[in-house]
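Have a look at the structure below, then the notes.
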Amino acid sequence: MQNHTVRRNAPLRRFGPPGTRPAAHQDPGGARRATLVCFPSAGGGASGFAPWRRLLPEWLELYGHVGPGREERGREAPLSSVQELVDDVLPDVLALPDPLVLVGHSFGAALAYELTHRLTLAGRPPLRLVVLAAVAPGATALVPPTSDHEIELLWKQLGANTDGLSRPGFREWLFPVLRADFTAQAAYRPARPSEVTTPVTVLYGDEDPVVTAEEAAIWRTLCAGPFEVLPVPGGHFFPQAERAATADALVRVLERALERPLECE
């Protein structure tokens with residue numbers, strides 16, 4: 001029997017109870033339900049997904065990933081490989097109820113993809129993998145930034161909010177985590193893409209300077225199952241800057257997933 005609880009200071013944080021259910025996504029019969037597990041961009045934690053709770057319907061149970069070195073796990077050393085990060089969170093994900101939906105933003109998409117592969121091997125493939133503003137792992141050679149200056153330049157290129165960089169202690173806390181995540185992302189190479197048959201939806205920001213429609217479409221090479229690419233208003237950080245549009249797109253994708261399977265292109 002599955003244990004649906006999450007340990008204190010564990011890799012997952014649950015957000016609930018949910019707020020008012022949006023009228024456009026009501027489920028009067030209570031037939032729908034899914035467990036949404038979200039992985040943030042480099043340096044991020046679960047709190048970035050907290051505002052989604054009031055925008056999502058009750059039938060979606062919401063969890064966010066807390067990696068070592070951030071938030072309530074701030075005293076732990078960051079991990080610098082995708083495999084280690086997935087090893088860390090896998091037991092907690094396996095303890096959650098089906099159907100599972102994995103969502104990954106930017107670097108978090110690499111974790112969600114690898115976790116999809118691990119869950120498939122464990123006989124519990126997710127209902128859907130949703131990729132947000134992410135380049136396909138291994139498709140483009142990435143060189144992780146080696147200095148604080150290079151990290152700051154990359155953040156600015158992506159359109160991140162850099163206001164906090166002037167606060168005392170902010171760089172000393174955040175940059176080691178960012179450096180570990182960027183290193184993990186650059187080194188990650190999916191082992192067996194042909195085994196990932198879970199339907200995949202890639203959402204990209206229509207103003208993203210890095211993940212364009214063409215870049216988003218490259219995820220097709222890593223997916224053996226149904227696949228689609230959809231635009232969302234905003235730039236690389238649209239999951240935070242355009243929360244309502246992101247939540248609406250996500251819910252519509254999952255409503256379709258629960259009603260009928262996505263057909264292959």
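Measure nothing but the geometry: give the 0 to 90° angle between the long axis through the Cα atoms of 107-121 and the longest principal axis through the Cα atoms of the chain, rounded to 10°.
On a 0 to 90 degree scale, this one is about 50.
Starting with the fewest neighbours, write out Thr116, Thr221, Thr162 ranked by other beta-carbon atoms found within 10 Å of each beta-carbon.
Least crowded to most crowded, the residues run Thr162, Thr221, Thr116.
Within 9 Å, Cβ to Cβ, of Ser80, how many net charges do the neighbouring residues add up to if Lys/Arg are +1 and Asp/Glu are -1?
-1
Want the number for Thr162 to Asp148: 0.36 nm per residue separation, take away the alpha-carbon distance, what's left?
Result: 3.8 nm gained on full extension.
Using amide H atoms built in the peptide plane, which far-off residues or other-chain residues are under 5 Å from Val202 H to H?
Val131, Glu228, Val229, Leu230
In whole Hz and in residue order, list the ³J(HN,Hα) couplings for region 177-188 that follow from phi through the Karplus curve 6.51 cos²θ - 1.76 cosθ + 1.60, θ = phi - 60°; x for Gly and Pro.
5, 4, 4, 5, 5, 5, 5, 4, 5, 5, 8, 6
Which longest run of the chain has no exposed loop site in it, a site being trypsin sites (Lys or Arg not before Pro) in a DSSP loop with at most 12 other beta carbons within 10 Å, and the site itself not part of the run?
Longest site-free region, per DSSP loop and neighbour criteria: 76-265.
Suppose we keep just the DSSP beta bridges with both residues in the chain; what percent of those would be antiparallel, to 5?
For the chain, the DSSP antiparallel bridge percentage is about 15.
Computed from the coordinates by the stated procedures, all read-outs in this text should not be read as laboratory data. Being a predicted model, the structure only gives us computed values, none of them experimental. Every residue, glycine among them, receives a Cβ derived from its backbone with ideal geometry; neighbour counts consider all protein chains shown.
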